[in-house]
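Peer 1: Below is a structure I'd like to ask you about.
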Amino acid sequence: MFGLMTTPHFDRRSFVKLSAAAAASMVTAPGAFAQDAPAFVLPDLTYKFAALEPSIDARTMEIHHDKHHAGYVAKLNATVAENPSLKGKSLNELVSTLPSVGDETLRATLRNNAGGHWNHSVFWEMLAPEGEGGKLEGPLEEAIQSSFGSADDFRKAFAAAAASRFGSGWAWLIMQDGKLKVVSTPNQDNPLMKGIVPAGDLGTPLLGLDVWEHAYYLNYQNRRPDYIKAFWKVVNWKDVARRFEEK
Ligand code: MN3
């Protein structure tokens, strides 16, 4: 298996906060049931907005997290609240079972907003302040060398996927059938979306890069390649290695 059903790291934190939110809602509204709490919660960053400078500026991080990511979470919660059939489903379940959603409009809403919440939640974890994310080493480095020839060749392939994605989307390093592969997806699609993205792009995401303009435009304007180059300085290799080992 690709490990598609493994629980992402952030789910645990979300659960803790959800429980707190549920408790709070019961205090403020005595008649309310715990399940009235939002199904999904915007995860806090584990570093400050300015922590990724100069690679990614504080204002971009703030808008990206507090407005864009928060927007996906709000829309997703509103969608779940309006559709009882979705209640109790995990984020992983929502993104990996989209074809089972019969209603086309609902499927599109989930694709964008469950996808957006999943993608951004892992993206924040895949970044770390310069010097704190460790380096590419050990079994992950060996696997990258074996799949791409060298770490440099991997970086070139990943950067090419990120630079050539037309419009908005993501570049990914994935584990597919026991091998590492670089793919890219449009909009908020991701490699877990069975039946949505081409089969060749499916796998377990180990590293992702958001190449929507909202991720870089304030600082880099049209210079997406410069943003991609700077990204390498803030990759959290410890997190990538953890995903590689857990896959
Ligand atoms: Mn984004």
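The values are calculated or read from the model by the stated rules, or taken from the named source; none is laboratory data. Please read these numbers as outputs of a predicted model, since none were measured by experiment. For neighbour counting, all protein chains shown are included, and Cβ atoms are generated from backbone atoms with ideal geometry for every residue, glycine included. Note: areas computed on protein heavy atoms with side chains; ligands, DNA, RNA excluded. Shrake-Rupley method; radii C 1.70, N 1.55, O 1.52, S 1.80 Å.
Peer 1: Rounded to whole Å and ordered largest first, report the semi-axes of the equivalent ellipsoid of segment 157-202 derived from its Cα gyration tensor (root of 5λ).
Peer 2: Semi-axis lengths for segment 157-202 are 16, 14, 6 Å.
Peer 1: Assuming R0 = 30 Å, what is the FRET efficiency of ASP66 and LYS156, from their Cβ-Cβ distance, to the nearest 0.05?
Peer 2: 0.35
Peer 1: Along each principal axis of its Cα atoms, how long is the chain end to end? Whole angstroms, biggest number first, please.
Peer 2: Here the Cα extents, ordered largest to smallest, are 60, 38, 34 Å.
Peer 1: Just the accessible area per residue of the chain, please: how many Å² with a 1.4 Å probe?
Peer 2: 48
Peer 1: Same structure again: What do you get for the angle between helix 70-82 and the principal long axis of the chain? Use alpha-carbon atoms, 0 to 90 degrees, nearest ten.
Peer 2: Computed tilt is about 40 degrees.
Peer 1: Using a Gaussian network for the chain with springs between C-alpha atoms less than 10 Å apart, which of these wobbles most: ALA39, ALA163, ALA50?
Peer 2: ALA50
Peer 1: Another question, then. Return a whole-number percent for the relative contact order of the chain, with Cα pairs under 8 Å and 6 or more residues apart as the contact set.
Peer 2: Answer for the chain is 23 percent.
Peer 1: With N residues in segment 106-152, what two-decimal value do you get for its Cα radius of gyration over 2.2 N^0.38 Å?
Peer 2: Ratio of Rg to 2.2 N^0.38 Å for segment 106-152: 1.68.
Peer 1: Can you give the angle from 0 to 90° between the axis of helix 237-246 and the longest principal axis of the chain, with both taken from C-alpha atoms, to the nearest 10?
Peer 2: So the inclination is approximately 70 degrees.
Peer 1: Per 5 Å bin, what is the whole-percent P(r) computed from every C-alpha pair distance within segment 206-247?
Peer 2: 5, 22, 25, 18, 13, 10, 5, 1
Peer 1: Please provide three numbers in whole Å: the alpha-carbon extents of segment 44-152 along the principal axes, with the largest listed first.
Peer 2: 46, 36, 20
Peer 1: Round to the nearest 0.05 the FRET efficiency obtained for ARG242 and ALA108 when R0 = 51 Å and r is the Cβ-Cβ distance.
Peer 2: Calculated value: 0.95.
Peer 1: If you average the C-alpha positions of segment 134-151 and of segment 193-223 separately, how far apart do those two centres end up, in angstrom?
Peer 2: The distance from the Cα centre of segment 134-151 to that of segment 193-223 comes to 21 Å.
Peer 1: Share of Cα-Cα pairs in segment 102-247 beyond 22 Å, in percent?
Peer 2: 36
Peer 1: Of the heavy-atom accessible surface of segment 57-247 (probe 1.4 angstrom), what whole percent is carbon and sulfur?
Peer 2: 49
Peer 1: Scan segment 177-232 for chymotrypsin sites (Phe, Trp or Tyr not before Pro) in coil per DSSP, keeping those whose Cβ has at most 13 other Cβ atoms within 10 Å, and list them by number.
Peer 2: none
Peer 1: If you don't mind, there's one more thing I want to ask. Taking Cα atoms, how many degrees apart are the long axis of helix 138-148 and the longest axis of the chain, rounded to 10 and kept between 0 and 90?
Peer 2: 70
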